[in-house]
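Scroll down for the structure; my scribbles are underneath it.
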Amino acid sequence: QSLLTYDWPGNVRELRNVIERMVINSTIEGLPYVRPGAESDGSQTVSYKIFKLLSLKGTLKEVMQQVEKQYIKYVLDECGGKIGKAAERLGISRTILYRKLKSYKEKKG
């Protein structure tokens, strides 16, 4: 309800940041709900714990690839393995999704 009633002076970027904080905080038990417009109150250190939780290491490019791969697998699972539906949810073409999946397999073996 607070998301709907908030004025969103920062527009889409602010909404995205709030949702990202909510997702990060939802993966760690016992953390308070993040309210729109609430400034970081020491919870910034909590958001850094997500890197350790996900075992993210390496250069920025390597970490981004790791996160992308994990998220694509998550969306594929959510879509029951349906490439077209997953690609639509990811906002990419099926061709690009196939290429990414192929590259993950090549890096594995």
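Being in a helix (DSSP H, G or I) and open to solvent by 80 Å² or more (accessible area, probe 1.4 Å) is the filter here, so list the residues in segment 71-85 that pass it. Listed by number, the residues that qualify are 71, 73, 74, 77, 78, 85. Of the residues that make up segment 86-101, is at least one at pLDDT below 90 and either in a helix (DSSP H, G or I) or farther than 22 Å from residue 22 by Cβ (or both)? Checking segment 86-101: not a single residue is at pLDDT below 90 and either in a helix (DSSP H, G or I) or farther than 22 Å from residue 22 by Cβ (or both).
Inclusion of residue 73 among residues that are closer than 22 Å to residue 20 by Cβ and under 19 Å from the mean Cα position of the chain (by Cα) is warranted.
The values are calculated or read from the model by the stated rules, or taken from the named source; none is laboratory data. Because the structure is a prediction, the values reported are computed rather than measured. FYI the Cβ positions are ideal-geometry reconstructions off the backbone, even for glycines, and counts take in every protein chain you see. All accessible areas refer to the heavy atoms of the entire protein, side chains included, with ligands and DNA or RNA removed. Shrake-Rupley method; radii C 1.70, N 1.55, O 1.52, S 1.80 Å.
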